[in-house]
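Just so it is clear, none of the values below were taken in a lab; they were calculated from the coordinates. Just so we're clear, the structure is a prediction, and the values are computed from it rather than from any experiment. Cβ: placed from backbone, ideal geometry, glycine included. Neighbour counts: every protein chain shown.
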Amino acid sequence: MSSPIETLEVTADIIDFRVIGVASFSNLAEIILERWGKLPDRWALPAFTASGPCFSNTLGAEVVPVKCWDGADRTLLDLISEIPKGCVDRNLSLVVDMRLPFINLDTIHIEDISTDQSGQACVCNPAVQEIISALITDAIKGIDRITAGGHLVSDIVLDCVDLWPMGASDEKIELTCFCQHCETKLASAGVDIEAFRRFPNPWNLCLRDSGTGVAHIDTVPTKDNEPAVEGLLRLSKMKGFLDVFRDSSSAQQKTLAKHLVRYVVARDRMTRAALAGIVQAIRKQCPEIHATVLVEGSDYDWTSGMFLSELDQDENFDELWFDPSSPRSMTSRRKNRMYMWRRSRYVLDAFFEYLDKSTDLFSRMSTGIANLAGADVTKMLEARRRQAMGHQIRGKVALMALPRDANRIGICVPAVSDAILEQVVHRAVPEHGLQTAQDLRVPRSSDRDA
Ligand SMILES: [Zn+2]
């Protein structure tokens, strides 16, 4: 039996431009050849650096060049000309970090239910949708100009693995986002927000403080009718999540389950509507562009806020990318590419986010990392690196184990290795560790006035 790799397109995903800081495209292509037995057919590049867009744009945001493997600074357009032969018409994806980490403005940031903010953008905020669509349109049009009327960029990939981060302490679960835009949309969809400001609350039926994170049930019904609600309560009881409700009656638990279903259905609809708004705005100027949504692949993905089955039915999107080890690794309507890493990009994105927070002066002062000594931050970065690499899926055998799916058109493989991430950490952290303010990246002035 022949390996399915021959019939599948292989996309090499450059998770973050800091990878390009230590390895050339040729180096990365060789790693993929060695690991998967095939050179990449396509490349996925980030649209932004952690400090801003690396292409000229109509918003006037500062162009932040990428520090490359050979020490040269390159813009997005310069980088594209460095991609090995084979980067031709329509085989480039631009991956959009929807969190816009380079804009430090509270007005666009997500808020949890207790009104604590985190430094990432809320995609349900219309201003965020406008910024993303304007910047991505500029990137696509800029690339099209250098390809003499051709269209190098086939699709934009909306990285949705962590749109709505969660936290937990003492069984109290804190979800995002409850900014004024989200609250208005949730309330107009009939969600009783006050029911979530108590403890225990409807989230406790499916989410639990595990000590190291949030344990979850991701099989949540999309309807709040009697059989669906009873099924949810049975699952919740079986998994031990009902223990915190020992003082409530079964009628009260049913009411909580209905609140929960209303919440997840509303969150799914408003998230997909926000993404669709961005895609439609980009297509006004770039009508041929395809839209891909990158998620982990659970039935209901708590941190993307979307049901995989609803995404599969949504005609605003062309492709879905998700982890092949998810329980439903097939789609019935959308084309799919398996993202060959457990939890898709979640742990890899988290590694680079932690790297940013620990090496940026402003972030260090405003997060818990400020309390850690320099050497401890370095140790923590090493632990995060090992954790991220521990999620990799390797080799052709993993491909042969996938269920056959007529909608599968390819796989996406992160272009990273242990050695590359080690070098990324080494480059970001001075020999003596992060000891003083001078060791840290001082925020660019544009971060404050963007
Ligand atoms: Zn919000």
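Here are some notes:
- Estimated FRET transfer efficiency when R0 is 25 angstrom, pair Asp299-Ala276 (beta carbons, to 0.05): 0.75
- Degrees separating the helix 126-146 axis from the principal Cα axis of the chain, which is the longest one: 20 degrees
- Spin-label model distance (nm) - Ala406 vs His426, 7 Å beyond Cα toward Cβ: 5.1 nm
- Extension gain for the segment Thr107 to Gln180, taken as residue separation times 0.36 nm less the Cα-Cα distance, is 25.3 nm to one decimal.
- Taking packing as the residue-averaged number of other Cβ atoms within 10 angstrom, the listed peptides 272-284, 71-83 run from highest to lowest as 272-284, 71-83.
- The angle between the Cα long axis of helix 226-238 and the main principal axis of the chain comes to about 80°, on a 0 to 90 degree scale.
- Relative contact order of the chain, pairs being alpha-carbon contacts under 8 Å that are 6 or more residues apart, as %: 18 percent
- Tilt relative to the chain, helix 374-389 - C-alpha long axis, 0 to 90 degrees, to 10: 90 degrees
- Pairs exceeding 18 Å between alpha-carbon atoms, taken from Lys38/Lys335; Lys172/Lys357; Lys357/Lys379; Lys172/Lys223; Lys172/Lys379; Lys185/Lys335: Lys38/Lys335; Lys172/Lys357; Lys172/Lys223; Lys172/Lys379; Lys185/Lys335.
- The slack in the chain from Ser210 to Ala375, taken as 0.36 nm per residue of separation less the alpha-carbon distance, amounts to 56.7 nm.
- The mean sequence separation of alpha-carbon pairs under 8 Å and at least six residues apart, normalised by the residue count of segment 90-246, gives a relative contact order of 22 percent.
- Relative protection proxy for 403-416, 244-257, 102-115, from highest mean packing down: 403-416, 102-115, 244-257 (other beta-carbon atoms within 10 angstrom).
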